[in-house]
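The values are calculated or read from the model by the stated rules, or taken from the named source; none is laboratory data. No experiment lies behind these values; they were computed from the predicted model shown. Glycine also receives a Cβ, built like all others from the backbone with ideal geometry; neighbour counts cover every protein chain displayed.
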Amino acid sequence: MTEKRKTVVLTGASRGIGHATVQRFSDEGWRIISCSREDIPEHCKRDPNWAFHFPTDLADIGAVENFVEQANSFLGDDSLHALVNNAAVSPKTPYKERLGCLNGDIDRWREVFELNLFAPLILARGFAAALRRGAQNDGAAVVNITSIAGHAIHPFAGSAYSTSKAALSALTREMAVEFAQLGVRVNAVAPGEIETEMIGAEYEPLINRIPMHRMGTPEEVAGCVYRLCTADFGYVTGTEIFVTGGQHVY
């Protein structure tokens, strides 16, 4: 039964874009394997498609490797059809400032890169065999969640976050070439201003810089992620799709 049913592994599943993306895959009948720092809401535990959730801190390399081991054990010989690297962090200094080039502890920069860049790399490596099985069984894809901040200066995104996301964009291109040998497609989705619990009143002035004159929804990002994992995008790899309402064109 599991071989006939597609499976996705998704990180940062407990809220925001990650949670909306899990819901989209579940609505489409996919089996969900997920992780996040926090446990998922109680009503999600009753979702028959949400098969396995592992609370873990992906900023810890040991924890990443442990999740890979646990998830692969759960998969067994089943195929994996999609890996969505969504988990990320954008920390502030003790003075509530965004972590920049001239402020904050360099060790915090390393923590940002561990989660935003190295975790996606380790996860992709760790699930490569399962993804290859998926590629031989209805196709397989990796989607990295990058950011508009990785391509232009953003007033509320610190330098550590922005440069880590720029690096993830570059990693996406490199992975696309190497994973093509496995038959696995690798793309990225770069959200702009999305209405999540992280958005505060200070973001309102940014709406004037968005051609569509509104913020996006997590469900709109989730829809893009889902489609990238389907046969509709079967000849698309190494691409980054901007879900920004046109903000990135300025």
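For the reader, a short list of remarks on this structure follows.
- Residue within region 173-185 that is closer than 23 Å to ALA222 by Cα, touching a strand residue (DSSP E or B) at 6+ places or on another chain (Cβ under 6 Å), basic (Lys, Arg) and buried (at least 16 other Cβ atoms within 10 Å of the Cβ) present: yes
- The condition (being under 23 Å from ILE32 (Cβ atoms) and at pLDDT below 95) is satisfied by just one residue among ASN144, ASN187, ASN137: ASN137.
- Strands (runs of 3 or more DSSP E) contained entirely in region 11-128, each with at least 3 residues that are at pLDDT below 95: 50-55
- Scanning region 157-172 for residues that are among the hydrophobic types (A, V, I, L, M, F, W, C), touching a strand residue (DSSP E or B) at 6+ places or on another chain (Cβ under 7 Å) and modelled with pLDDT under 95 yields a single hit, ALA157.
- Tally, over region 107-160, of residues that are out of contact with any helix residue (DSSP H, G or I) (no Cβ under 6 Å at 6 or more places or on another chain) and of a type in the set (Phe, Trp, Tyr): 3
- The set of residues in region 132-161 that are in a helix (DSSP H, G or I) and crowded, with 24+ Cβ neighbours inside 10 Å comprises GLY134, ALA160, TYR161.
- Every listed requirement among (1) under 22 Å from ALA88 (Cβ atoms); (2) in contact (Cβ under 8 Å) with a residue 40 or more places away in the chain; (3) of a type in the set (Ser, Thr, Tyr) is met by SER34 save one, (2).
- Of the criteria (1) closer than 20 Å to GLU193 by Cβ; (2) crowded, with 20+ Cβ neighbours inside 10 Å, which one ASN85 fails: (1)
- Filter pass, PHE74 being touching a residue at least 24 places away in the same chain (Cβ under 8 Å) and hydrophobic (A, V, I, L, M, F, W, C): yes
- Hits in region 229-239 (condition: exposed (fewer than 15 other Cβ atoms within 10 Å of the Cβ), in contact (Cβ under 8 Å) with a residue 24 or more places away in the chain and assigned to a helix (DSSP H, G or I)): ALA231
- Odd one out for PHE242, checked against (1) part of a loop (DSSP other than H, G, I, E, B); (2) crowded, with 16+ Cβ neighbours inside 10 Å; (3) not small (Gly, Ala, Ser): (1)
- Residue match in region 101-112 (condition: within 23 Å of THR21 (Cα to Cα), buried (at least 17 other Cβ atoms within 10 Å of the Cβ) and not hydroxyl-bearing (Ser, Thr, Tyr)): yes
- Qualifying residue in region 226-241 (condition: modelled with pLDDT under 90 and either in contact with a helix residue (DSSP H, G or I) (Cβ under 9 Å, 6 or more places away or on another chain) or farther than 23 Å from ALA124 by Cβ (or both)): no
- With respect to the conditions (1) under 15 Å from the mean Cα position of the chain (by Cα); (2) under 15 Å from GLY134 (Cβ atoms); (3) not aromatic (Phe, Trp, Tyr), VAL64 falls short on a single one, namely (2).
- Condition met for ARG214 (more than 14 Å from the chain's Cα centre (by Cα), assigned to a loop (DSSP other than H, G, I, E, B), closer than 22 Å to THR21 by Cβ and without any contact (Cβ under 8 Å) to a residue 60 or more places away in the chain): yes
- In region 179-211, the residues that are touching a residue at least 12 places away in the same chain (Cβ under 8 Å) and among the acidic types (Asp, Glu): GLU193, GLU195, GLU197, GLU202
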